[in-house]
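Colleague: What follows is a single structure, and I will ask about it in a moment.
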Amino acid sequence: MFLFHDVKDPSSSPGLSEPPGPAGFQERAQSIEAQQVRLLYTQAPIGLVASVLNAGIAAFVLWNAVAHPVLIGWFTLIVVVTLSRFMLVRMYRRAAPTADCIHLWRTRFIAGVAAASVVWGAAGIVLFPPESIAHQVFLVFILGGMAAGAIATLSSVMPAFLVFFLPTLLPVTLRLLLQQGDWVLTAMGFLLLSFAGVLFITARHLHTSIAESLSLRLENLDLIHSLSVGKEQTEHANQQLAESNQALSAAMAEVRASEERFRSLSAASPIGVFQTDAEGRCVYTNARWQEIAGLAPEESLGDGWNRSIHPEDRDGVLAEWLTSTRAGREFSCEFRMLTPKGEGRWVHSRAAALRADSGALLGHVGTVEDITERRAVELMKDEFVSVVSHELRTPLTSIHGALGLLAGGLLGPLPEKGQRLLDIAVNNTNHLVRLVNDILDVERMKSGKITMQKQVCDAAALMTQAADEMRVVAEKARITLAISPQSAQVWADPDRIVQTLTNLLSNAIKFSLPGAAVRLSTESQGEQILFQVKDQGRGIPADKLESIFGRFQQVDSSDSRKKGGTGLGLTICRNIIQQHGGRIWVESTLGKGSTFFFTLPALPR
Ligand code: ADP
């Protein structure tokens, strides 16, 4: 159906780039045949007009040489056959047949040609004038001319040509060859024979050229089709390329803008910023970081940061870094940094892990804040508090003692109102004494004046001692104290551990409602012993879980008044546990209770 393809329809035909398969060859042959048949029908009118014209001329010329009825009969037959063939051509044009039914039209056409050739061939016998040589030559000339003309109109389909050519020339040729006695006619017969041979060869050549040119045309159409498909595909690809180019430039502009934003933020940041790779080597530091460390940009990369930590703090920082990264928590540490010129600065550094979607560690990002001034103020404040506490301690103790004696009835019974006031004064001085003692404890621990008297102790014994000390308080608050003592050897200062446990138990009792239970237990975890103090009290909000270990930090500011605390107990506990190389933390659910954990190094059995 190639020849019926619209060249602009890219989907209707395979391109030249793909050679046609067996089905393609068959389709191509069918198309060529359809074109050949179409040529037959389009050129037929010329042949038909020539046929009637030649028949008319023949009838006119032979009018006096042939019997009239024969001539008229023959001419009538020619006209009838020619008209029928005209009708067939008209039908073909109207039907505009597809290649599928082209065989039928080819057969119809050949049948028409056969009918015409029979009538023309008959002329060689019935119109052959026996007497006049001139008329005989004329008849041979007419028939030869008709056969020659058929080359132009019929050679596109060889069977059509042969069906016309052979019956038209054969009778007259035989007549000439078989004519006896007249060698001119015999010579004419041979001439006609050779002429027929030439005609046949010419028709074959023409047929081959027509077929080739049709095939070439088909290939051209295929080529044009492939080119147009290719052009369309290229245009489409170009358009897609232009669109992705546009998207890429927009994305790049956005990346550039965000990079610019990051640079200006990082450059102007009052806090030092750094980034490390998975091995802990610095890959980025901002200007502030370099200023704090006193290092040039290139010096700050790689292991430069390690050298900028004060030698006395280096081990502590590295230990904290390793502990926090192994535990998968944020690194947070206060330490001193030392510039190459020897200027020291206190900093607070925090860092968090950077992870890929797969969970693999990519590195860390962190900040370094200069807290030198804050530390100096805190130091002054601590010193002030410590001096004040020292100064207060002695008079307070004697006031507390004197008030206690008075309230105990040393000077006899007091009026009820006086007794009540005295009880309040005793309570408050009691709180003050505890506060002053705690402050001094914290201060002494921080300044390293208190050292832990470590020895081998049994965890179960420490727990029992602490529980015994708190039993009366628990009973008063109607709290059940449950302990599961488990024997395990720890390397610790027993007084300080009991102090820690009693503080945790006292808090647990204080913040639980009557009827609740407080549990104290231990668990061996390889190289360390884990202590747990679990209550069913009010719980601690998530944002306070860390801050309550700070000085004077309480979940509720009214806690000290209502519950009688100082806000220093957990600070002291953390100090004690840290000095033992352990860790203390809390987990809690609001309204359900809290569990305080701390670890101590275990002694190998
Ligand atoms: P305090 O002397 O005030 O108890 P601590 O340092 O021991 O000081 O505790 C700090 C604060 O932590 C408490 O005031 C309280 O708000 C909170 N807290 C401590 N333990 C518990 C607990 N078991 N349940 C609820 N809150 C607690």
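The values are calculated or read from the model by the stated rules, or taken from the named source; none is laboratory data. Computed from a prediction, not measured in an experiment: that's the story for all the values here. All Cβ positions, even for glycine, are placed from backbone atoms using ideal geometry, and neighbour counts span all protein chains on display. Ligands, DNA and RNA are excluded from the accessible area calculation, which covers all protein heavy atoms including side chains. Shrake-Rupley method; radii C 1.70, N 1.55, O 1.52, S 1.80 Å.
Colleague: Find the centroid of the Cα atoms in region 46-97 and in region 505-526, then give the distance between the two in whole Å.
Modeller: 127
Colleague: Which value, to two decimals, describes the C-alpha radius of gyration of region 392-433 once divided by 2.2 N^0.38 Å?
Modeller: Values: Rg = 10.2 Å, N = 42, 2.2 N^0.38 = 9.1 Å.
Working it through for region 392-433, the quotient is 1.13.
Colleague: Leaving out ligands, DNA and RNA, what percent of the accessible area of region 350-500 is carbon and sulfur, probe 1.4 Å?
Modeller: Numbers: 5450 of 9250 Å².
Ligands and nucleic acids excluded, carbon and sulfur reach 59 percent.
Colleague: Limiting things to C-alpha atoms, what are the Rg and the maximum Cα-Cα separation (Dmax) for the chain, in angstroms?
Modeller: 59.6, 189
Colleague: Compute the Rg/Rh shape ratio of region 445-588: radius of gyration over Kirkwood radius, all on alpha-carbon atoms.
Modeller: On the way: Rg = 14.9 Å, Rh = 15.7 Å.
Reported Rg/Rh (Cα atoms, Kirkwood Rh): 0.95.
Colleague: Ignoring ligands, DNA and RNA, how do 193, 520 rank by accessible area with a 1.4 Å probe, largest first?
Modeller: Sorted descending by solvent-accessible area, the residues read 193, 520.
Colleague: Let me ask something else. Can you compute the helix-only [θ] at 222 nm over the chain? Use -39500 (n - 2.57) per DSSP H run of at least 4 residues, normalise by all residues, nearest 500 deg cm²/dmol.
Modeller: Details: 16 runs with 373 residues, N = 605.
So the calculated ellipticity at 222 nm is -21500 deg cm²/dmol.
Colleague: Still on this structure, I have one more. In whole Hz and in residue order, list the ³J(HN,Hα) couplings for region 366-375 that follow from phi through the Karplus curve 6.51 cos²θ - 1.76 cosθ + 1.60, θ = phi - 60°; x for Gly and Pro.
Modeller: Rounded to whole hertz, the list is x, 10, 10, 10, 6, 10, 4, 5, 4, 4.
Colleague: Checking the a/c ratio against 1.5 first, then a/b against b/c, what shape does the Cα gyration tensor give for region 257-375? Walk me through the numbers before you get to the answer.
Modeller: On the way: a/c = 1.67, a/b = 1.11, b/c = 1.50.
Oblate, because a/c is 1.5 or more while a/b does not exceed b/c.
Colleague: Tally up the carbon and sulfur contribution to the accessible surface of region 122-230 as a whole percent, 1.4 Å probe, everything protein left in place. Mind dumping the intermediate values first?
Modeller: Details: 3910 of 5220 Å².
The value for region 122-230 is 75 percent carbon and sulfur by accessible area.
Colleague: Just how far, in whole angstrom, is region 180-224 from region 390-436 if you go by their alpha carbon centroids?
Modeller: 144
Colleague: Accessible area per residue of region 507-605 at 1.4 Å probe, in Å²? Don't skip to the end; give the middle numbers.
Modeller: On the way: 4850 Å² over 99 residues.
Spelled out: the 1.4 Å probe surface of region 507-605, per residue, equals 49 Å².
Colleague: For region 89-146, how big is the tail of P(r) above 16 Å, as a whole percent of Cα pairs?
Modeller: On the way: 938 of 1653 pairs.
Tail fraction, whole percent: 57.
Colleague: Let me know the shape class of region 275-338, please: from the alpha-carbon gyration tensor, a ≥ b ≥ c as square roots of the eigenvalues, rounded when a/c is under 1.5, otherwise prolate if a/b is greater than b/c, or oblate.
Modeller: Values: a/c = 2.05, a/b = 1.36, b/c = 1.51.
Oblate.
Colleague: From the convex hull of the Cα coordinates of region 305-368, what is the mean projected area in square nanometres? Don't jump to the answer; show the numbers that get you there.
Modeller: Working: hull surface 17.5 nm².
Hull-based average projected area comes out at 4.4 nm².
Colleague: Heavy atoms only, 1.4 Å probe, whole protein assembly: order 210, 577 by accessible area, highest first.
Modeller: Numbers: 210 30, 577 0 Å².
Final ranking, largest accessible area leading: 210, 577.
Colleague: While we're on this one: For region 136-202, just say rounded, prolate or oblate: build the C-alpha gyration tensor, square-root its eigenvalues into a ≥ b ≥ c, call rounded for a/c under 1.5, and beyond that prolate if a/b exceeds b/c, oblate if not.
Modeller: Cα axes put region 136-202 in the prolate bin.
Colleague: With N denoting the number of residues in region 226-325, provide Rg(C-alpha) divided by 2.2 N^0.38 Å, to two decimal places.
Modeller: Details: Rg = 23.9 Å, N = 100, 2.2 N^0.38 = 12.7 Å.
Ratio of Cα Rg to 2.2 N^0.38 Å: 1.89.
Colleague: Can you work out the accessible area per residue across region 243-350, with the rest of the protein chains kept in place, probe 1.4 Å, in square angstrom? Mind showing how you got there, number by number?
Modeller: On the way: 6620 Å² over 108 residues.
With all protein chains present, region 243-350 gives 61 Å² per residue.
Colleague: Would you please state the base-10 log of I(q)/I(0) at q = 0.21 1/Å for region 35-110, with intensities from the Debye formula using one equal scatterer on every alpha carbon?
Modeller: Log10 of I(q)/I(0), two decimals: -0.87.
Colleague: Convert each backbone phi in region 194-207 into a coupling constant with the Karplus relation 6.51 cos²θ - 1.76 cosθ + 1.60 (shift: θ = phi - 60°), then list the ³J(HN,Hα) values in order as whole Hz, x for Gly and Pro.
Modeller: 5, 4, 4, x, 4, 4, 4, 4, 4, 4, 4, 4, 4, 4
Colleague: I've got another one for you. List every residue whose amide H lies under 5 Å from the amide H of residue 486, counting only residues 5 or more places away in sequence or on a different chain, with H placed 1.01 Å from N in the peptide plane.
Modeller: Sorted by chain and number, the residues that satisfy this are 460, 522.
Colleague: Under a no-solvent Debye model with one identical scatterer per Cα of region 50-194, what's log10 I(q)/I(0) at q = 0.21 Å⁻¹?
Modeller: -1.29
Colleague: What do you get for the angle between helix 311-327 and the principal long axis of the chain? Use alpha-carbon atoms, 0 to 90 degrees, nearest ten.
Modeller: Roughly 60 degrees, rounded to the nearest 10.
Colleague: Oh, and also: Averaged per residue, what accessible area in Å² does region 359-440 show with a 1.4 Å probe, protein chains only?
Modeller: On the way: 5350 Å² over 82 residues.
Result: 65 Å² per residue.
Colleague: Order these peptides, 532-544, 63-75, 405-417, by their mean beta-carbon neighbour count within 10 angstrom, highest first.
Modeller: On the way: 532-544: 17.5, 63-75: 14.9, 405-417: 10.4.
Highest to lowest by the protection proxy: 532-544, 63-75, 405-417.
Colleague: Let me ask something else. What's the magnitude of the charge dipole for the chain around its Cα centre, counting Lys and Arg as +1 and Asp and Glu as -1 at the beta-carbon? Answer in Debye, nearest 20.
Modeller: 1280
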